[in-house]
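Trainee: Right, I'll just put the structure down here and ask away after.
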Amino acid sequence: MTILTLGLNHKTAPVDIRERITFGPDIIVGALRSLSERPEVSEGVILSTCNRTEIYCNMERGGREELCAWISDFHGIETETLAPYLYFHSGRESVRHLLRVASGLDSLVLGEPQILGQVKQAFQTACDASTTSKLLCKLFQHTFSVAKQVRTDTTIGHSPVSVAFAAVSLARQIFSDLHQQTALLIGAGETIELAARHLHQHGISRIIVANRTLEKAHNLANQFDGYAIALTEIPTHLPEADIVISSTASPLPILGKGTVESALHKRRHQPMFMVDIAVPRDIESEVGKLNDVYLYTVDDLQEVIDENLRSRQEAAEQAQEIIDFHTEEFMGWLRSLDAIGMIQDYRRQAERMRDETLARALKELSKGRAPEEALRFLANTLTNKLLHTPSAQIRQAGHEGEFELLKAANTLFQIKDLRSR
């Protein structure tokens with residue numbers, strides 16, 4: 001049995017290829033069952049996200065060609081079209097790759113935490129579909145433990161590396177507790193949505209979404225229990241805002257110095273944190289000169305992001321050491337499975353010898369042989385049977401000069417020199 005991984009990700013394939021072999025919620029159970037029906041596949045897990053599709057298998061035989069053929073057939077894509085974008089790992093490298101993926105070391109954003117939840121969901125889906133057994137269950141549980149240790153023992157996830165996350169992190173530095181704060185988000189694009197998500201996760205009290213298209217503002221605000229306003233309503237609601245994050249495509253500033261001054265007056269000069277992510281700017285630069293305003297631009301945030309990326313890269317080196325250690329730990333467990341099988345076979349062989357010898361001793365007793373003689377016969381015969389093959393092999397190894405085998409036998413049997421006693 002061998003653990004194998006076949007996949008592609010944001011590093012190896014463009015989005016038009018990645019989107020052609022995704023496994024959505026509506027097809028993944030059928031895909032898992034289709035995969036497990038192949039005679040060479042004992043177990044299977046499929047991880048499918050916007051940035052990667054990976055198949056983890058326990059296979060009795062076969063490898064890359066079989067898995068590539070299956071995924072090509074399932075999605076109706078020619079193997080020749082797909083093959084250049086695929087990577088393949090086997091054994092130790094497959095284990096190491098999964099640990100790196102779950103720990104965020106192989107992500108588009110280094111150290112991002114969402115991937116661990118996606119790996120857990122992929123494993124749970126496979127369990128529910130009954131396509132996992134002892135080996136992959138052990139591997140994935142080991143993976144979750146290692147990913148947790150990486151998060152606990154390194155700082156890989158502590159520093160923000162997206163503009164939205166950096167903006168919210170700075171807000172948390174100024175307002176240590178966001179539960180009492182109100183955020184005004186200007187725009188309704190991807191960055192604003194991500195900022196809203198981060199604010200919501202950190203317990204922001206209220207979210208107001210302002211956008212040129214009110215319907216888009218409503219759609220976004222409804223996701224986070226907020227409310228929507230038009231851009232023209234900003235001056236009315238600005239005094240309520242402790243945090244302002246703006247990211248629109250407006251060619252002209254949306255917030256000027258006078259509007260902000262008026263809002264500060266109504267707020268009785270309570271501090272206001274403002275982040276202008278837009279290019280060109282949404283907030284006039286003169287606003288940053290006002291007392292009680294903390295204004296950051298996208299360039300200011302980029303400095304934070306670059307520094308945090310360097311910090312994450314240093315943490316990634318520490319994480320890799322943890323992963324390398326636990327990869328070898330798992331491989332040791334995997335190798336022990338072969339030893340367990342050997343021990344079981346050897347025990348069955350010894351028990352068979354015992355039963356045969358005991359039957360002969362009991363037969364001798366039934367014929368009237370003295371119990372002491374029968375016991376001596378049992379002990380001598382069983383000892384000779386158990387020692388015959390090892391003794392013959394050790395003698396042959398000595399004759400042929402196989403000193404490594406002799407050394408291994410000495411270690412295995414813990415032989416002590418009794419000749420000098």
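Trainee: Go through (1) in contact with a Phe, Trp or Tyr (Cβ under 9 Å, 6 or more places away or on another chain); (2) modelled with pLDDT of 90 or more; (3) not acidic (Asp, Glu) one by one and return the number of the condition Ala361 breaks.
Mentor: Every listed condition holds for Ala361 apart from (2).
Trainee: State whether one or more residues within segment 378-391 are under 45 Å from the mean Cα position of the chain (by Cα) and of a type outside the set (A, V, I, L, M, F, W, C).
Mentor: no
Trainee: Follow-up. Looking at (1) loosely packed, with under 11 Cβ neighbours inside 10 Å; (2) among the small types (Gly, Ala, Ser); (3) part of a helix (DSSP H, G or I), can you tell me which one Ala379 breaks?
Mentor: That leaves (1) as the condition not met.
Trainee: Of all residues in segment 230-255, how many are under 25 Å from Leu301 (Cβ atoms) and touching a strand residue (DSSP E or B) at 6+ places or on another chain (Cβ under 8 Å)?
Mentor: Matching residues across segment 230-255 total 16.
Trainee: Out of Asp324, Asp345, report the one residue that is over 29 Å from the mean Cα position of the chain (by Cα) and either within 29 Å of Ser145 (Cα to Cα) or surrounded by fewer than 13 Cβ atoms within 10 Å (Cβ to Cβ) (or both).
Mentor: Asp345
Trainee: Search segment 342-358 for residues being at pLDDT below 90 and among the hydrophobic types (A, V, I, L, M, F, W, C), and hand back the single one that is farthest from Thr411 (Cα to Cα).
Mentor: If we take residues in segment 342-358 being at pLDDT below 90 and among the hydrophobic types (A, V, I, L, M, F, W, C), then Met353 is farthest from Thr411 (Cα to Cα).
Trainee: For segment 78-94, indicate whether the set of residues that are in contact with a Pro (Cβ under 8 Å, 6 or more places away or on another chain) and either among the β-branched types (Val, Ile, Thr) or at pLDDT below 95 (or both) is non-empty.
Mentor: Checking segment 78-94: not a single residue is in contact with a Pro (Cβ under 8 Å, 6 or more places away or on another chain) and either among the β-branched types (Val, Ile, Thr) or at pLDDT below 95 (or both).
Trainee: Is it true that Cys50 is surrounded by fewer than 19 Cβ atoms within 10 Å (Cβ to Cβ) and closer than 17 Å to Val119 by Cβ?
Mentor: yes
Trainee: Right, next: Could you list all residues from segment 197-228 that are among the basic types (Lys, Arg) and more than 34 Å from the chain's Cα centre (by Cα)?
Mentor: Matches in segment 197-228: Arg212 only.
Trainee: A follow-up question, please. Residue under question is Glu402, and the condition is that it be charged (D, E, K, R), surrounded by 13 or more Cβ atoms within 10 Å (Cβ to Cβ) and either without any contact (Cβ under 8 Å) to a residue 60 or more places away in the chain or farther than 30 Å from Thr2 by Cβ (or both); does it hold?
Mentor: So Glu402 fits the description; yes.
Trainee: While we're on this one: Which ones in segment 251-270 are surrounded by 14 or more Cβ atoms within 10 Å (Cβ to Cβ) and closer than 20 Å to Ala167 by Cα?
Mentor: Listed by number, the residues that qualify are Pro253, Ile254, Leu255, Val260.
Trainee: Just checking, which of Asp300, Asp355, Asp338 is of a type outside the set (Val, Ile, Thr), without any contact (Cβ under 8 Å) to a residue 24 or more places away in the chain and within 20 Å of Val161 (Cα to Cα)?
Mentor: Among Asp300, Asp355, Asp338, only Asp300 is of a type outside the set (Val, Ile, Thr), without any contact (Cβ under 8 Å) to a residue 24 or more places away in the chain and within 20 Å of Val161 (Cα to Cα).
The values are calculated or read from the model by the stated rules, or taken from the named source; none is laboratory data. Keep in mind it's a predicted model, so treat the numbers as computed, not measured. Using ideal geometry, Cβ is built from the backbone for each residue, glycine included, and neighbour counts are taken over all protein chains shown.
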